[in-house]
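Read the structure below first, then the notes.
Computed from the coordinates by the stated procedures, all read-outs in this text should not be read as laboratory data. This is a predicted model, so every value here is computed, not measured. Because the Cβ atoms are built from the backbone with ideal geometry, glycine has one as well, and the counts that use them run over all protein chains shown.
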Amino acid sequence: MTAHGRGIEKYCVEVDTPLEFTVDTSAAGDAPLAVTITDVDQDPVDVSVNDNKDGTYLCRYVPTKRVKHVVVVTYGGVVIPNFPVRVSDLQVQVQVFIDTLAAQRPNNLIKREKV
């Protein structure tokens, strides 16, 4: 089983923008597919799962917050390979990185140029 698509890329989260990914179960037997998505606050995110009738499923969701999300896909009650996936907003991650650097750098080590 595999999954691919923008909706499970590491930095895909965009508020109020629909995201999609496809789960391919064509090489597996018949079993129920379940997809759950939660944000960093443990709030569930609505996700629609459409059976393409060819062993693949199209999954769609719309993030409502600029925070990290966790996507979990199970097939027959078992988490599929490479899941759960954590996705987030790139701008949020860049700001966290900048804030971390600033907190680690003493003021006397930051060179400031006089204008």
_Any residue in the range 72-88 that is in contact (Cβ under 8 Å) with a residue 12 or more places away in the chain sitting within a Cβ distance under 7 Å of a residue that is of a type in the set (Gly, Ala, Ser) and in a loop (DSSP other than H, G, I, E, B)? List the pairs, counting only those 6 or more apart or interchain._
Tyr75/Ala28; Tyr75/Ala31; Gly76/Ala31
_Test: Arg86 is surrounded by fewer than 15 Cβ atoms within 10 Å (Cβ to Cβ) and in a strand (DSSP E or B)_ = yes
*Among the residues of the range 33-57, which ones are over 18 Å from Asp89 (Cβ atoms) and exposed (fewer than 15 other Cβ atoms within 10 Å of the Cβ)?*
Ala34, Thr36, Pro44, Asp46, Ser48, Val49, Asn50, Asp51, Asn52, Lys53, Asp54, Gly55
*asked:* Looking only at residues that are among the small types (Gly, Ala, Ser) and over 16 Å from Thr74 (Cβ atoms) in the range 11-32, which one is surrounded by the fewest Cβ atoms within 10 Å (Cβ to Cβ)?
replied: Ala27
*Would you be able to tell me the number of residues in the range 22-42 that are in contact with a strand residue (DSSP E or B) (Cβ under 6 Å, 6 or more places away or on another chain) and either free of Cβ contacts under 8 Å to residues at least 40 places away in the same chain or over 14 Å from Asn52 (Cβ atoms) (or both)?*
9
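Just for the range 1-32: of the residues that are assigned to a strand (DSSP E or B) and not acidic (Asp, Glu), which one is farthest from Thr56 (Cα to Cα)? Before the answer, list the steps.
Step one: of the range 1-32, the residues assigned to a strand (DSSP E or B) are 2-4, 19-24.
Applying the additional criterion that residues be not acidic (Asp, Glu) yields 2-4, 19, 21-23.
Values: Thr2: 9, Ala3: 9, His4: 11, Leu19: 17, Phe21: 10, Thr22: 7, Val23: 6 Å.
Filtering the range 1-32 for residues that are assigned to a strand (DSSP E or B) and not acidic (Asp, Glu), the one farthest from Thr56 (Cα to Cα) comes out as Leu19.
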